[in-house]
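The values are calculated or read from the model by the stated rules, or taken from the named source; none is laboratory data. These numbers were taken from a predicted model, which means no experiment stands behind them. Cβ placement follows ideal geometry from the backbone for every residue including glycine, while neighbour counts extend to all protein chains displayed. Please note that ligands, DNA and RNA were not included when accessible areas were found on the heavy atoms of the full protein model with its side chains. Shrake-Rupley method; radii C 1.70, N 1.55, O 1.52, S 1.80 Å.
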Amino acid sequence: MKILAVFLPNRGCKNKCVFCSQKAIVGSDEPMNLEELDELVGHYLTTTDKFEIAFYGGTFTALSREEQTYYLDWAEKYIRFGVCSGIRLSTRPDEIDEEKAKFLKTRGVSFIELGVQSFDDEVLKASGRSYTHDDVVRACQTLKRCGIDFGIHLMIGLIGDDTTKDISSAWETVKLGAKTCRIHPTLVLKDSPLESIYERGEYTPMNLQEAIEICSDMLAVLESHDVRVIRLGLYVPTELRKNIVAGPYHPRFGELVRIRLIEKVAEFLKPDIVLHTQKESSWVIKLPLLKVESDRFGFVVYDDFVTWKDALKCYADKLLQEVIACSMS
């Protein structure tokens, strides 16, 4: 299902997180009015006949009930017209409770993305998030009780973060029952609090290869347990990339992560042959293996075919055992 994204930059946000600079990546700190939103829908309908409306960029459930109703009434109009099949929104874990969730459920909201960033309390505190691991768990449990599916947004490379914490965050996402996840490395954005910290020499962003290595392992954990990773890397329009001060940005970040994951799984299994569909052809091209185009994706190991899903599960299990061993040491 295609998604029409409606950005509400910083609307409802009660504090500024260290990494945040909405204007740097959206180009404006003012939301569109309803007339502009109608024009956006009209343009979108030239490319598709059905979509979901998603309110992103702010903390939707921290808006006043009046402002929430203002936007939801507008979105519901397109549900009645038969072109919008549902409403999505993003918010913070500490701005979800049962009363808010039930209200959204009655207004056609079918999916909520929680901006979690990390499940580690020290990382959350250093990022100015003002909630804890336990708050995230409570929010997810509340959404489950109210029958609203949810996704989780994670970041890597935050202040105080490390690889073990990132893999643990991916595993927590699985355990809580998230349907989707998006992951992006921390970028130093113009006019963000992190820019000043970086310029003082108090923060060093990870490099691109480090980001690819960590995200590929997180991807293995998530997708091996049926959590769909809907985005890897932060989307920044070409004309706004000048606002990236530092950090591991690459316009093809997601593709690089998936290629690296396939390499890692192949190194782990040591197969003789890789079978691939047209979709994976560019991802496997550099593997030092015999490549055979097929209607399925996987590896031949000692004459036995191992599906990609089973291979991924084996690799992810190894990662989780390493995390457990690290946490016990």
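General remarks:
- Inverting the pair-averaged 1/r between distinct Cα atoms of segment 1-152 gives 16.1 Å as its Kirkwood hydrodynamic radius.
- From largest to smallest, the equivalent ellipsoid semi-axes obtained for segment 115-154 from the alpha-carbon gyration tensor read 21, 10, 6 Å.
- Cα-based Lys proximity count in segment 1-159, under 20 Å, for pairs eight or more positions apart or on separate chains: 11
- At full extension, D304 and D134 could sit 56.8 nm farther apart than now, given 0.36 nm per residue minus the alpha carbon distance.
- DSSP beta bridges in the chain [antiparallel fraction, %, rounded to 5]: 20
- For segment 276-321, the average shadow cast by the Cα convex hull is 3.8 nm², which is a quarter of the hull's surface.
- The chain - convex hull of alpha carbons, volume per residue in Å³: 153
- Taking the accessible area of the chain, probe 1.4 Å, and keeping the other protein chains in place, the carbon and sulfur fraction comes to 51%.
- Working note: Cα gyration tensor of segment 181-329, eigenvalues times five, square-rooted, sorted largest first, giving semi-axes of 33, 19, 12 Å.
- The residues of the chain expose, per residue, 47 Å² of accessible area to a 1.4 Å probe.
- Sites listed here are trypsin sites (Lys or Arg not before Pro) in segment 1-75 whose DSSP assignment is loop and whose Cβ has at most 16 other Cβ atoms within 10 Å: K14, K16, K50.
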